[in-house]
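Data first, discussion second: the structure below is written as structure tokens.
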Amino acid sequence: MATIKKYKPTSPGRRGMTVNDFSVLDKKAPEKSLLAPMTSKSGRGSAGTITTRHRGGAVKRRFRIIDFKMNKIDIPARVESIEYDPNRSAFIALLVFADGEKRYVLATDGLKKDDSIIFSEKAPIRNGNRLPLRKIPLGTTICNFELFPGKGAQVARSAGSSAKLTALDAGYAHISLPSGVVKIVSEEAYATVGQVSNVNYNKIVIGKAGRARWMGKRPEVRGSAMNPCDHPHGGGEGCQPIGLKHPKTPWGKPALGYKTSRKKKNKK
């Protein structure tokens, strides 16, 4: 498990700043065959207009091709290294399969170099192994699980994420998420045993504005500091409350508590 490293308060930016202790990672260059170029769009869509605000100016980086389908069934793999991925919060593991192929997957917490893992229906219930939900005992902590069999991991993929298998009923699995939401998916869908690595990610203190700029985050302006024509919260003399029962986005949509998932989707 990666620990949190603190700095001495040698400057206002250093005071309180924390970073991951990356000594747990292998110091090697990323696998060249699994890299892809990545251009910065700075939050702009296909028309060239800003579709996501407050993005841009990140450090140049290359994309690591992650295998989310993990469809090399019944072929054992050895963990060659645990590496840092600048494009996601979790650490990644470089797997070397028995047939010589190499792939990147999301590393689970506690996975180490030279560990052996396998994707199989007959896989033992061990950290990093991947198997169908119907083969996993109830109460097991899982991550990287599929919503539809064969589609690939879609849920519980960020650092420290996990879910719990709570029930198997009539061909479906009930998976409890930390938010309290229960996902009902086919018991044929695959899931990885364990919790996603880098569990202390949410405890990291950025410390200074410049570090946020390295990450591609640009400054945000409070809506209450704008004019009424620019934001629903704007206007008024001095510091004013927003004047609304619930906060809104600049386009009048609810900013908090707004349900974003559709109840009826992907019905076949």
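With no solvent and one equal point scatterer per Cα, compute the Debye intensity ratio I(q)/I(0) for region 119-210 at 0.12 Å⁻¹ and report its log10, rounded to two decimals. Values, matching the q order: -0.37.
From the alpha carbon centroid of region 4-74 to that of region 192-222 is 10 Å. Residues whose amide H lies under 5 Å from that of Arg55, counting only those 5 or more places away or on a different chain, are Arg218; hydrogens are built 1.01 Å from N in the peptide plane. Here the convex hull built on the C-alpha positions of the chain has a volume of 186 cubic angstrom per residue.
Under the simplified labelling scheme, the Ile206-Phe97 pair shows an inter-label distance of 3.9 nm, with each label point 7 Å from Cα along Cα→Cβ.
Would you work out the relative contact order for the chain, in percent, from Cα pairs under 8 angstrom that are 6 or more residues apart? Here the relative contact order equals 17 percent. Excluding same-chain neighbours fewer than eight residues apart, the lysines reachable from Lys203 by a Cα-Cα span under 17 Å are Lys5, Lys6.
Shown in residue order for region 222-238 are the 3J(HN,Hα) couplings computed by the Karplus curve 6.51 cos²θ - 1.76 cosθ + 1.60 at θ = phi - 60°: 5, x, 5, 8, 9, 7, x, 6, 9, 7, x, 8, x, x, x, 8, x Hz (x for Gly and Pro). Any chance you could tell me what percent of the C-alpha pair distances in region 224-268 go past 12 Å? Cα-Cα pairs of region 224-268 separated by over 12 Å account for 66 percent.
Dipole magnitude for the chain: computed about the Cα centre from +1 point charges on Lys and Arg Cβ and -1 point charges on Asp and Glu Cβ, it is near 1000 debye. Among the listed pairs Lys135/Lys183; Lys112/Lys217; Lys135/Lys164, a Cα-Cα separation exceeding 21 Å is found for Lys112/Lys217. P(r) tail, region 1-130: Cα-Cα pairs separated by more than 23 Å, 48% of all pairs.
Taking amide H as placed 1.01 Å from N in the peptide plane, Val205 has its amide H under 5 Å from the amide H of Thr18, each at least 5 places away in sequence or on another chain. Between Lys112 and Ile50, the FRET efficiency from the beta-carbon distance, with R0 = 45 Å, is close to 0.60. Spatially close Lys pairs in region 224-268, defined by Cα atoms under 20 Å apart and a spacing of eight or more places or different chains, total 5.
Here, each number is a calculation from the coordinates, and none is a lab measurement. Remember, predicted model here, so these are calculated numbers, not experimental data. Here Cβ is always computed from backbone atoms with ideal geometry, including for glycine, and neighbour counts include all displayed protein chains.
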